[in-house]
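The structure appears right after this line, and notes come after that.
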């Protein structure tokens, strides 16, 4: 019983940390952690396509379109036809979008990434296997999930 309680407490702490970070980033920047991740991906090369974002985040292009629509409405991103291929639309950050990235608190997942990367290979593999097993125990292995620490829906409400 003690191990069960300890494991449930650890899971609750993870969920709680994710919820608190989501609230903090929304209050600080006005965007969700998922929208923030889209902004980060765009900022990496100065632009991105919806397809590139969907591949990176492992979500559908429709989901990315909804996320980008919201960012465009908020004045954080814009769409522009590619100068190399007029059929392609690039998504770029506005000055306000760059400001959101600059002003945001250290994302929870960035902390995780730094600490995970510092682990030995065997320890990383063990942790991934354990987390995948927990997802399976919760019947969550087939849920649509991007590599973003957030407790809300990936696709924003419209």
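A short reminder: the numbers here are calculations on the coordinates, not readings from a lab. Worth saying up front: this structure is predicted, and the values here are computed from it rather than measured.
Just from its helices, what would the mean residue ellipticity at 222 nm be for the chain, if runs of 4 or more DSSP H residues each count -39500 (n - 2.57) and the sum is divided by every residue, rounded to the nearest 500 deg cm²/dmol? Working shown, then result.
Values: 7 runs with 98 residues, N = 158.
Calculated at 222 nm, the ellipticity per residue is -20000 deg cm²/dmol.
Helix 121-137 and the longest principal axis of the C-alpha atoms of the chain enclose an angle of approximately 90°.
What is the extension gain from residue 84 to residue 14, computed as 0.36 nm multiplied by their sequence separation minus the C-alpha to C-alpha distance, in nm to one decimal?
Value of the extension gain: 20.8 nm.
Just to compare against my own numbers: the Cα pair-distance distribution for region 1-98, 10 Å bins, whole % per bin, please. So the P(r) values, bin by bin, are 15, 38, 24, 13, 7, 2, 0. On a 0 to 90° scale, report how tilted helix 108-117 is relative to the longest principal axis of the chain, with both axes built from alpha carbons and the result rounded to the nearest 10. For 108-117 against the chain, the angle is about 70 degrees. As a size descriptor, the averaged projected area of the C-alpha convex hull of region 81-129 was calculated at 6.4 nm².
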